1. Given the structure, is Arg266 of a type in the set (D, E, K, R), at pLDDT 85 or above and more than 21 Å from Ala54 (Cα to Cα)?
2. Looking at the structure I just gave you, is Leu377 free of Cβ contacts under 8 Å to residues at least 40 places away in the same chain and either assigned by TED's automatic domain parsing to the domain that holds Lys177 or of a type outside the set (D, E, K, R) (or both)?
3. Give the residue that is surrounded by the most Cβ atoms within 10 Å (Cβ to Cβ), with candidates limited to residues of region 341-356 that are within 10 Å of Asn306 (Cα to Cα) and of a type in the set (A, V, I, L, M, F, W, C).
4. Taking interchain pairs and intrachain pairs at least six residues apart, which have beta carbon atoms under 7 angstrom, with the first residue in region 104-118 and within 14 Å of Ala150 (Cα to Cα) and without any contact (Cβ under 8 Å) to a residue 24 or more places away in the chain and the second of a type outside the set (D, E, K, R) and crowded, with 16+ Cβ neighbours inside 10 Å?
5. Pairs needed: first member in region 19-40, touching a residue at least 40 places away in the same chain (Cβ under 8 Å); second member anywhere, outside any loop (DSSP other than H, G, I, E, B) and not basic (Lys, Arg); C-beta distance under 6 Å; at least 6 residues apart or different chains.
6. Scan region 116-131 for residues that are within 16 Å of Lys76 (Cα to Cα) and not in a helix (DSSP H, G or I) and jot them down.
7. Of all residues in region 277-326 being among the basic types (Lys, Arg) and either assigned to a loop (DSSP other than H, G, I, E, B) or buried (at least 22 other Cβ atoms within 10 Å of the Cβ) (or both), which is farthest from the chain's Cα centre (by Cα)?
8. Just to be sure, is Lys113 at pLDDT 85 or above, part of a helix (DSSP H, G or I) and surrounded by 15 or more Cβ atoms within 10 Å (Cβ to Cβ)?
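The values are calculated or read from the model by the stated rules, or taken from the named source; none is laboratory data. Note that this is a predicted model, so its numbers are computed, not measured. A quick note on method: Cβ atoms are made from the backbone with ideal geometry, for glycine too, and the neighbour counts reach across all protein chains shown.
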Amino acid sequence: MIEKRYLYKRHNVYWVRVRVPNNLRNIIGKTELNKNLYTTNLSEANIRKHKVVAELKQIINLAKRKLDGTIGSLSKEDQLREVAMEFRPSPEEYDFKTLEKIDYAFQATLENKIQQLYGQKELDAIFNSHEPEWKGKEPNPKAMKATSDAFRIFDPNSEPLSVTSKTFLSEKKKDLKTATFKRKEGNINNFVRWTGNSEIKEITKRNAGDYVTHLRESKNPAPATLRNKIFDISSLFTWAEGRGYIDKNPFQKLNLPSSSKSTKKREPWDYEQLMKFLKSAEIEENDFIVTVVGMYTGMRLDEICNIQKAHISDNCFRVLEGKTQSSKRAIPVHPVIEPLVKRFLDSSKNDYLIKRINSGGYDKKRSWNFQKRLGRLRKKIGIPHEIKFHTLRNTFATRMENLGIPTNHISKLMGHKHNNMSLDVYSAGLAIEPLVESIKKLTYGEELDSFIENKIYE
């Protein structure tokens with residue numbers, strides 16, 4: 001059966017319909033957006049609709065940014081390009097008279113935007129500096145380039161990378177996790193800026209190779225990071241090839257450095273490093289708590305930062321969300337940190353174990369900024385660069401293994417999948433008891449354990 005989503009017929013011709021969310025209808029002035037596909041054939045309509053739907057959704061996204069105020073966070077130059085995106089027509093949509101009206105409205109809006117952002121003198125310079133008799137100031141190069149880009153974006157017969165990439169990203173957004181999408185969006189936008197927003201058909205294999213050289217010389221990323229950047233950009237061109245924008249993806253079969261050479265085994269913290277870190281005068285309450293909880297539970301930093309009172313019951317930490325299904329688990333509270341947990345539960349002030357930290361990053365994680373702080377602390381205290389907070393999980397696993405704890409117990413506690421494991425950790429009965437006994441065996445040596453206990457009681 002042929003897909004008919006977004007399609008409807010008017011006078012036997014297929015049109016696209018995209019409904020406008022209720023909260024945006026006053027801004028857009030319509031309850032739905034429509035465009036003629038100029039075909040009576042359903043199969044052809046399905047081919048044409050993807051680009052049109054993406055364009056209409058861009059209008060909706062622009063309205064959303066106006067509503068929530070994020071459009072103001074765009075650079076001046078990007079705001080000029082957004083004007084062009086808002087007015088850009090489809091090549092087959094309008095007759096000459098209609099296109100003339102749209103062109104007039106676009107130019108008037110663009111000029112008003114330039115005046116608003118840069119002032120009248122800059123507006124005059126941009127549009128008049130090419131005249132031989134001009135004696136005023138030279139235009140701002142960035143504003144001039146953005147204005148030129150805007151006119152090119154508005155031209156329905158052109159396919160600048162900024163337009164094609166927006167269409168591609170709008171389609172991919174619903175299929176990707178937020179962090180993955182933001183990474184892909186950032187890598188593609190960096191490439192678009194590097195090319196000067198060239199036409200997508202102008203990008204050659206040599207351009208692709210030159211960009212790889214640019215990345216290696218300017219940023220010197222790790223091989224795996226470089227491959228991820230190029231993969232993200234290549235996915236745009238693979239999509240464009242499939243849609244008929246280009247004949248061949250120029251990023252295919254590039255010679256990239258192997259990532260295997262840079263693979264390093266994560267090293268666990270040793271006794272001296274743990275003691276040095278925990279005894280440092282630079283360590284504050286949150287730093288201490290997150291470290292010792294990580295040492296005695298094997299939890300990820302983000303999991304620890306999200307611990308609330310509701311996530312502790314039957315003397316167990318309950319991880320209710322995670323990277324995988326296996327991440328959802330119960331972890332018995334180790335005797336060394338029991339007083340810390342009890343003090344937290346008895347407190348009436350704080351709902352979070354790790355308090356007063358600001359969320360950040362693409363996913364608004366509580367651990368985002370705190371992770372950066374811990375990194376700066378390690379450097380200041382003199383902990384080797386390769387020793388990171390996440391390697392506390394390696395430390396936990398290594399010590400448990402050396403103590404003879406069964407592998408399936410370690411996997412369950414850390415939120416890793418184990419083929420032979422069938423324990424129900426969300427049960428408060430016998431299922432959790434073997435894990436309780438395993439946790440109790442964990443020690444970092446009498447001196448370090450005692451230091452942490454005494455520190456907790458201070």
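1. no
2. Working: free of Cβ contacts under 8 Å to residues at least 40 places away in the same chain: no; either assigned by TED's automatic domain parsing to the domain that holds Lys177 or of a type outside the set (D, E, K, R) (or both): yes.
Answer is no for this residue.
3. Checked region 341-356; the qualifying residue surrounded by the most Cβ atoms within 10 Å (Cβ to Cβ) is Leu353.
4. Pairs that qualify, where the first residue is within 14 Å of Ala150 (Cα to Cα) and without any contact (Cβ under 8 Å) to a residue 24 or more places away in the chain and the partner is of a type outside the set (D, E, K, R) and crowded, with 16+ Cβ neighbours inside 10 Å, are Ala105/Phe87; Glu111/Leu123.
5. Val20/Ile28; Val20/Glu32; Leu24/Ala63; Ile27/Ala63; Lys35/Val16; Lys35/Val52; Asn36/Trp15
6. Gly119
7. Looking at residues that are among the basic types (Lys, Arg) and either assigned to a loop (DSSP other than H, G, I, E, B) or buried (at least 22 other Cβ atoms within 10 Å of the Cβ) (or both), I get Arg300.
8. yes
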